[in-house]
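Below you'll find the structure, written out as structure tokens, and then a few comments.
The values are calculated or read from the model by the stated rules, or taken from the named source; none is laboratory data. Because the structure is predicted, anything quoted here is derived from the model rather than measured. Glycine gets a Cβ as well: all are built from the backbone with ideal geometry, and neighbour counts include every protein chain shown. To get the accessible areas, we keep the full protein, side chains included, count just its heavy atoms, and leave off ligands, DNA and RNA. Shrake-Rupley method; radii C 1.70, N 1.55, O 1.52, S 1.80 Å.
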Amino acid sequence: SRGGQFFSRSMASKTQVGFIGLGNMGNPMAKNLIKHGYPVIASDVFPESCKELQELGAQILDTPADVADKADRIITMLPSSPNVMDVYTGPNGILKKVKKGSLLIDSSTIDPAVSKEMAIAAEKMGAVFMDAPVSGGVGAATSGKLTFMVGGAEEEFTAAKELLSCMGANVVYCGQVGTGQAAKICNNMLLAIGMIGTAETMNLGISRLGLDPKLLAKILNMSSGRCWSSDTYNPVPGVMEGVPSVNNYQGGFATTLMTKDLGLAQNTATNTKTPVILGSVAHQIYRMMCARGYANKDFSSVFQFLREEEGQ
């Protein structure tokens, strides 16, 4: 029944979808599947993360293996490579009970090499694995406006897109397994560099040169220095509404997760002997922030960190 090969689309949409990993991102993503009429079967290592979904009618099971026993389309959204390996290949993992022909979509951001490993393990069990990491953060996950970067067999993309379109505004095919991860890691490296650059620039203009923060942001955003970090997600408190910087850097994309992604970029650069000078410096800055108590603050808190370093 997967992907509507045998039923009309309306019938296909009623087939169950498994969802494993109900954290800050997984929870709103799974809710959007329910909103689109998919019965969801979910599992998470922390039972309390499942309460909200259960109230919306999702069936909650104990392990990933139990989910694979019931659903032949499963989405996973997990923090890191070791979690993904455990959920797929661990003692209670998906591949212990996966049905032949199942479609397994991993939206975690992990090492592309691990995605390839999982794809090979899934293939041995007659299942199809695709990597589909996301960009957009918790806000976009809630509003269903994520961007999915998908790697895997092209003939499976249509079936994957049907599900992912319920949770995202953009679903882009990137190539074979691992290419989705590659695209995501490259994006986040540039995002980190851009955010640090924006924070340094704003700090220089405000504290050293006496410019009004809103004025400086306005000028940057109508000039060639404009970037997403300056015009959509400004790191300076009070410059724009609805961003973590006005909420003491709560919510958003945690510094610890940005640090993880920069570590993945660093590993890939090392393995391919590619120079990433600013990427490496960004990695060091975010690692230092994690060591100084910023781990759970939004990554735009690099502005606060810079000012603290200067003793302001």
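At a glance:
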| read-out | value |
| --- | --- |
| Separation of the Asp62 and Leu204 label points, Cα + 7 Å toward Cβ, nm | 5.9 |
| Karplus 3J(HN,Hα) series, Hz, for segment 226-236 with 6.51 cos²θ - 1.76 cosθ + 1.60 (x for Gly, Pro) | 4, 8, 4, 5, 8, 9, 10, 9, 4, x, 8 |
| Area accessible to solvent at Tyr173, 1.4 Å probe radius, in Å² | 60 |
| Two-site label geometry, Val172 and Ser280: point separation in nm, points 7 Å out along Cα→Cβ | 2.7 |
| Sulfur and carbon atoms: percent of accessible area, segment 124-224 [1.4 Å] | 60 |
| Three-way shape call for segment 158-205 based on the alpha-carbon gyration tensor, with the a/c threshold at 1.5 | oblate |
| Global form of the chain, assessed from the alpha-carbon gyration tensor, a/c cut-off 1.5 | prolate |
| Among Val246, Val87, Val138: highest mean-square fluctuation, GNM of the chain, C-alpha pairs under 10 Å | Val246 |
| Additional length obtainable on full extension of the chain from Met288 to Asp212, 0.36 nm per residue less Cα span | 24.5 nm |
| Highest-fluctuation residue, Pro47, Pro39, Pro64 considered, GNM on the chain with Cα pairs under 10 Å | Pro47 |
| Burial order of peptide ranges 263-272, 209-218, 161-170 (average beta-carbon count within 10 Å, highest first) | 161-170, 263-272, 209-218 |
| Cross-link partners of Lys70 among lysines (Cα-Cα below 18 Å; sequence separation of 8 or more within a chain) | Lys14, Lys96, Lys97, Lys99, Lys100 |
